[in-house]
1. Report, ordered by the first and then the second residue, all pairs with beta carbons closer than 7 Å, sequence separation of six or more or different chains, a first member in the range 67-78 that is in a loop (DSSP other than H, G, I, E, B), and a second member that is at pLDDT 95 or above and hydroxyl-bearing (S, T, Y).
2. Got a number for residues in the range 41-58 being within 17 Å of N77 (Cβ to Cβ), of a type in the set (G, A, S) and outside any helix (DSSP H, G or I)?
3. Applying the selection to the range 63-98, what residues are surrounded by 10 or more Cβ atoms within 10 Å (Cβ to Cβ) and at positive phi?
4. Restricting attention to the range 40-62, does a residue exist that is modelled with pLDDT of 95 or more, of a type in the set (S, T, Y) and surrounded by 11 or more Cβ atoms within 10 Å (Cβ to Cβ)?
5. Could you tell me whether any residue of the range 47-69 is touching a Ser or Thr at 6+ places or on another chain (Cβ under 7 Å) and over 27 Å from R95 (Cβ atoms)?
Amino acid sequence: MSGAKTKTRVSALARSGQTQSAPAPVDPGFITVRVGKLPGRIDQIGLNGGRKVRDALVGATLDADGYEIKVNATPANAETDLKEGDIVLLVRKVRGNG
């Protein structure tokens, strides 16, 4: 096998002399949720540390007074825990005829 030739592939990155850095580590305490009022707009915010509805409302500068809180269309309250990708909505309370 002394006469065998091997081919080496060199990437464009290696030829340029640059090095590829590893992606930044993801903070396990950081989550992204969507928060908003209906009717109105819904914003995406990041939470680092606090993961409750109240933390999301503070981050979005929203007040739940006069609204029902829903997380992923399920009734919730300010102490409801959140996870990555949750949608927190403030929906006007429906008043009955009674």
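1. Pairs that qualify, where the first residue is in a loop (DSSP other than H, G, I, E, B) and the partner is at pLDDT 95 or above and hydroxyl-bearing (S, T, Y): there are none.
2. 1
3. Residues satisfying the conditions are N72, G85.
4. Looking for residues that are modelled with pLDDT of 95 or more, of a type in the set (S, T, Y) and surrounded by 11 or more Cβ atoms within 10 Å (Cβ to Cβ), one finds none in the range 40-62, hence no.
5. Within the range 47-69, one or more residues are touching a Ser or Thr at 6+ places or on another chain (Cβ under 7 Å) and over 27 Å from R95 (Cβ atoms).
The values are calculated or read from the model by the stated rules, or taken from the named source; none is laboratory data. This structure is a prediction, so every number in the text was calculated from the model and none was measured. For neighbour counting, all protein chains shown are included, and Cβ atoms are generated from backbone atoms with ideal geometry for every residue, glycine included.
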